[in-house]
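Report on the structure given below.
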Amino acid sequence: MTRDFIHINDFIVLVEEAKATTIEVDACHFEESLIAVAFYGSGNVDLAVQYGEKKKQFKHTKGLALSFYADDQVTFEHTISPDKNLECIVVATALRHLDQLPNQEGEIFKELLQELVHPKDHYVEGPSFLMTPDMQRIVDNIFANQYSGKTKMMFFRSQMTALLSHFFGQLAIIPETSTASSNYCDQLNKVKEILINNIENPPSLTELSQQIGFNTTKLKKEFKAVFGVPVFKYLQNERLSLAHTLISKKEATVQEAAWQVGYDSLSSFSNAFAKKFGYRPSQIK
């Protein structure tokens, strides 16, 4: 288990990461009343929120952005297992610090998270949704960073600002996202898993729809509303990101990486890669 606390202005940033060979429960709580947004990485750990006699459980956290208010009476429990590791980033601020946040960030909290600014219980859940690809990339970059000292602080400061900007941007642009996505979280996450597990030879849109119980129109609409891109644009992004990792880690040549992620044409792969990253795969050092 690694747990880093980072103070940025009046924000507290908690970065947690853990893997386990057996089932383990990690519990934590905050010492004062906070408003926070939790961003979950690829680990898909189980989460239980306990306050008094009440308990809220999340069985599918992969890619989830969850806003909440919590005081010192609330306990958060992550159940970590060999196939469900913990990757969680919490960006929080104390209620008493809202008016002191820079760049009018306190006003944004008050405008878009009113139910959290004026809580009516020990734990109040605000808007939540599945992260967009841009948000997911930021989270992945945070867990992959190799910086230390002042450079690490500079990196975290920039990434947390970008992550919160995307979060509030989603709330402002598609306010219905939190409601819609919570109803379809499991199904849409399943679509992502199916695509990633079959990245070389993915099922058709019709086959995907049948597997999750949506019609194709509903699948296309809900997937784009939540993730910000069409289904197969998401697949392309995942393919190219995987290829970039394979090549940069020298686990595959450019040609081998193209084949492994489902490209038959090397020129098509190279052109798509250059459009996404701004340079061709052969230029990776």
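Of note:
- Here is the figure for region 204-220: residues that are in contact (Cβ under 8 Å) with a residue 12 or more places away in the chain and either of a type in the set (G, A, S) or under 20 Å from K62 (Cβ atoms) (or both) total 6.
- Of V49, V25, V37, V74, all but one fail to be at pLDDT 90 or above and surrounded by fewer than 13 Cβ atoms within 10 Å (Cβ to Cβ); the exception is V25.
- Members of region 34-64 that are among the small types (G, A, S), under 13 Å from A92 (Cα atoms) and in contact with a Phe, Trp or Tyr (Cβ under 7 Å, 6 or more places away or on another chain): A36
- Filter pass, D99 being touching a residue at least 24 places away in the same chain (Cβ under 8 Å), of a type in the set (D, E, K, R) and assigned by TED's automatic domain parsing to the domain that holds G43: no
- If you go through region 262-285 and keep only what is among the small types (G, A, S), surrounded by 13 or more Cβ atoms within 10 Å (Cβ to Cβ) and under 15 Å from S248 (Cα atoms), you end up with S270, A274.
- Matching entry among K110, K54, K59, K84 (being of a type in the set (K, R) and modelled with pLDDT of 90 or more): K54
- Residues of region 194-203 that turn out to be touching a residue at least 24 places away in the same chain (Cβ under 8 Å) and assigned to a helix (DSSP H, G or I), as a count: 2
- Long-range neighbours under 7 Å by Cβ, at least six apart or interchain, first residue free of Cβ contacts under 8 Å to residues at least 60 places away in the same chain within region 127-156, second hydroxyl-bearing (S, T, Y): F155/Y147
- Tally of residues being surrounded by 17 or more Cβ atoms within 10 Å (Cβ to Cβ) and under 20 Å from N141 (Cβ atoms) across region 242-256: 5
- Selection count, region 109-160, where residues are part of a helix (DSSP H, G or I) and either farther than 29 Å from F232 by Cα or among the charged types (D, E, K, R) (or both): 21
- Of residues in region 221-233 being without any contact (Cβ under 8 Å) to a residue 60 or more places away in the chain and not in a loop (DSSP other than H, G, I, E, B), the one farthest from Q136 (Cα to Cα): K221
- Among the residues of region 1-58, the ones that are free of Cβ contacts under 8 Å to residues at least 60 places away in the same chain, outside any strand (DSSP E or B) and out of contact with any strand residue (DSSP E or B) (no Cβ under 6 Å at 6 or more places or on another chain) come to 2 in all.
The values are calculated or read from the model by the stated rules, or taken from the named source; none is laboratory data. The model shown is predicted, which means the values in this text are computed figures rather than measured ones. Neighbour counts run over all protein chains shown; Cβ positions are idealised from the backbone, glycine included.
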